[in-house]
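> One structure follows; several queries about it will come next.
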Amino acid sequence: MSFSNNLKENVIRSAGVDPKKCMKCGKCTATCPNGNEMEYKPHQFVYMVEKGDIEPLMNTDSIYKCLSCFACVERCPRGVEPAKFIEAVRVAKIRKQGENHLKADMIPDLLDEDLPQQAIVTAFRKYSK
Amino acid sequence: MKFSYYPGCTLKTKAKELDKYARLSAEALGIDLVELENWQCCGGAYSMAKDEIASKLSSVRALAAAKEKGQDLVTLCSACHNVLKQVNNDMTTNEDMINRVHNYMKDEEPYNGETKVIHFLELLRDVVGFDKLKEKVVNPLGGKKVAAYYGCLLLRPSKIMAMDNPENPTIIEDFIRAIGGEPVVYPYRNECCGGYIALEDKNNAIKKSTLVMESAEKNGAEEIITACPLCLYNLNKNGAVELPVKYFTELLAEALGVKGEN
């Protein structure tokens with residue numbers, strides 16, 4: 001996988017899916033359990049990536065709202081699988097120096113006695129490098 | 001019958017019951033679960049980014065260790081199952097990742113997706129058989145109304161997980177029937193509980209878990225079962241409905257009469 005300076009190309013390559021296949025049906029956002037919490041919703045990730053409008057996506061909290069539940073991946077009728085764009089943008093963001101969304105010293109305040117380790121490792125996977 | 005077994009981090013800590021009751025039940029069913037030596041945490045979530053490779057190596061190591069033993073790999077936690085299965089799929093389809101993994105790991109015999117990953121529920125359905133399981137039940141549930149909570153990770157993405165129909169699954173309902181319960185089918189059984197968002201946005205997890213539990217309750221459930229420690233946590237802790245939530249293995253061990261053993 002060669003590296004390109006073009007952010008759009010990199011995001012599409014990292015996502016491994018083709019935004020041009022989207023037929024704008026909106027099923028991804030309709031089925032997203034967390035779409036209501038997002039400034040940019042799953043269908044917007046698809047067309048904004050296609051337009052190369054990546055910066056606003058990198059700077060929105062919406063990239064931390066995707067629950068990785070695979071609902072839009074499963075239900076997209078065109079195989080565009082929007083969560084893969086959200087993931088690709090999120091990864092592009094947190095790979096930058098100083099951009100970890102979750103830091104280890106924040107953890108003690110977030111714990112309760114029943115919280116499973118699974119939640120912590122998953123959050124680190126999703127939020128930090 | 002011998003199988004490699006991958007418990008995962010949470011089954012050694014907050015979800016010991018999920019693990020313990022599975023082992024006791026497997027023994028009662030003549031299944032030998034051999035825990036992989038030196039397994040590492042799967043990371044809890046499969047990264048959908050194709051160029052995220054280092055974080056998937058722990059799964060490749062587990063898969064390769066099972067291959068070395070010539071055994072199928074049994075999982076129990078929904079998240080581990082999802083991660084291992086998706087990484088296994090990568091190791092047959094993502095050429096760039098395959099090359100990088102081989103170059104990095106330098107195993108004498110490179111791993112190429114040979115291991116079959118099966119969830120404990122699939123073990124019950126496809127190896128033991130629900131009919132056979134029914135014959136071994138000594139304490140049937142007596143028609144108790146039990147709601148299966150699949151959550152996200154057992155079923156999706158279905159073209160890779162290939163466990164069941166992702167929108168109208170039956171595997172846990174069939175399991176409930178086999179141990180003498182009456183399955184409750186409800187709309188939210190395959191919708192998300194909020195997952196790891198509970199860590200930074202508790203109110204959000206409360207909303208999602210409550211939707212799931214209200215949906216189960218409205219349809220007559222007396223109890224909910226799950227295979228996922230994080231689902232269990234969210235429903236128990238964040239769901240605003242008083243309904244017992246248990247691991248499916250606890251009901252299994254109870255039905256097989258081995259729950260009290262150690």
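> Against the condition aromatic (Phe, Trp, Tyr), outside the structural domain of B:LYS136 (by TED's automatic domain parsing) and within 24 Å of A:LEU67 (Cα to Cα), how does B:TYR21 come out, does it pass?
For B:TYR21, the condition - aromatic (Phe, Trp, Tyr), outside the structural domain of B:LYS136 (by TED's automatic domain parsing) and within 24 Å of A:LEU67 (Cα to Cα) - is not met.
> A follow-up question, please. Assuming A:ALA71 fulfils every condition listed in (1) within 12 Å of the chain's Cα centre (by Cα); (2) within 11 Å of chain B (Cβ to nearest Cβ) apart from one, which condition is it?
(1)
> Could you say whether any residue in the stretch B:193-207 is modelled with pLDDT of 95 or more, under 29 Å from B:GLY129 (Cα atoms) and among the aliphatic types (A, V, I, L, M)?
Scanning the stretch B:193-207, I find no residue that is modelled with pLDDT of 95 or more, under 29 Å from B:GLY129 (Cα atoms) and among the aliphatic types (A, V, I, L, M), so the answer is no.
> Out of A:PHE70, A:PHE3, A:PHE45, report the one residue that is modelled with pLDDT under 95 and of a type in the set (Phe, Trp, Tyr).
From the options A:PHE70, A:PHE3, A:PHE45, the qualifying one is A:PHE3.
> On to the next question. Would you mind finding the one in A:VAL46, A:VAL17 that is surrounded by 22 or more Cβ atoms within 10 Å (Cβ to Cβ), among the β-branched types (Val, Ile, Thr), within 24 Å of B:LEU153 (Cα to Cα) and more than 12 Å from the chain's Cα centre (by Cα)?
A:VAL17
> Step by step: first the residues of the stretch B:22-44, then only those that are crowded, with 24+ Cβ neighbours inside 10 Å and in contact with a helix residue (DSSP H, G or I) (Cβ under 7 Å, 6 or more places away or on another chain), then the one that is farthest from the other protein chains (Cβ to nearest Cβ). Which residue is that? First the steps, then the outcome.
Filtering the stretch B:22-44 down to residues crowded, with 24+ Cβ neighbours inside 10 Å leaves B:22, B:25-26, B:42-44.
Subsequent filtering for residues that are in contact with a helix residue (DSSP H, G or I) (Cβ under 7 Å, 6 or more places away or on another chain) retains B:22, B:25, B:42-44.
Working: B:ALA22: 16, B:SER25: 21, B:CYS42: 8, B:GLY43: 5, B:GLY44: 3 Å.
By that ranking, first place goes to B:SER25.
> If A:ILE63 satisfies every condition in (1) farther than 20 Å from B:GLY44 by Cβ; (2) buried (at least 24 other Cβ atoms within 10 Å of the Cβ); (3) β-branched (Val, Ile, Thr); (4) more than 10 Å from every other protein chain (Cβ to nearest Cβ) but one, which is the exception?
Condition not satisfied by A:ILE63: (1).
> I'm told B:ASP107 meets every condition in (1) modelled with pLDDT of 95 or more; (2) more than 26 Å from B:LYS12 (Cα to Cα) except one. Can you identify the failing condition by its number?
The one condition B:ASP107 does not meet is (1).
> Kindly indicate whether B:GLU214 is outside the structural domain of B:THR10 (by TED's automatic domain parsing) and in a loop (DSSP other than H, G, I, E, B).
no
> Also, quick follow-up: Just to be sure, is B:SER47 within 14 Å of another protein chain (Cβ to nearest Cβ), free of Cβ contacts under 8 Å to residues at least 40 places away in the same chain, surrounded by 21 or more Cβ atoms within 10 Å (Cβ to Cβ) and of a type in the set (Ser, Thr, Tyr)?
On the way: within 14 Å of another protein chain (Cβ to nearest Cβ): yes; free of Cβ contacts under 8 Å to residues at least 40 places away in the same chain: yes; surrounded by 21 or more Cβ atoms within 10 Å (Cβ to Cβ): yes; of a type in the set (Ser, Thr, Tyr): yes.
Against the criterion (within 14 Å of another protein chain (Cβ to nearest Cβ), free of Cβ contacts under 8 Å to residues at least 40 places away in the same chain, surrounded by 21 or more Cβ atoms within 10 Å (Cβ to Cβ) and of a type in the set (Ser, Thr, Tyr)), B:SER47 qualifies.
> Of everything in the stretch A:87-112, what is facing chain B (nearest Cβ under 9 Å) and either exposed (fewer than 14 other Cβ atoms within 10 Å of the Cβ) or farther than 29 Å from A:ARG13 by Cβ (or both)? Give them in sequence order. Don't jump to the end; show me each part of the working.
Residues of the stretch A:87-112 facing chain B (nearest Cβ under 9 Å): A:87-88, A:90-92, A:101-102, A:106-107, A:110-112.
Of everything in the stretch A:87-112, those that are facing chain B (nearest Cβ under 9 Å) and either exposed (fewer than 14 other Cβ atoms within 10 Å of the Cβ) or farther than 29 Å from A:ARG13 by Cβ (or both) turn out to be A:MET106, A:ILE107, A:LEU110, A:LEU111, A:ASP112.
> Same structure again: In the stretch B:1-21, what count of residues is obtained for those that are surrounded by fewer than 23 Cβ atoms within 10 Å (Cβ to Cβ), outside any helix (DSSP H, G or I) and either aliphatic (A, V, I, L, M) or in contact with a strand residue (DSSP E or B) (Cβ under 7 Å, 6 or more places away or on another chain) (or both)?
Residues flagged as surrounded by fewer than 23 Cβ atoms within 10 Å (Cβ to Cβ), outside any helix (DSSP H, G or I) and either aliphatic (A, V, I, L, M) or in contact with a strand residue (DSSP E or B) (Cβ under 7 Å, 6 or more places away or on another chain) (or both) within the stretch B:1-21 amount to 4.
The values are calculated or read from the model by the stated rules, or taken from the named source; none is laboratory data. Treat the numbers as computed from the prediction; the structure is a model and nothing was measured. Using ideal geometry, Cβ is built from the backbone for each residue, glycine included, and neighbour counts are taken over all protein chains shown.
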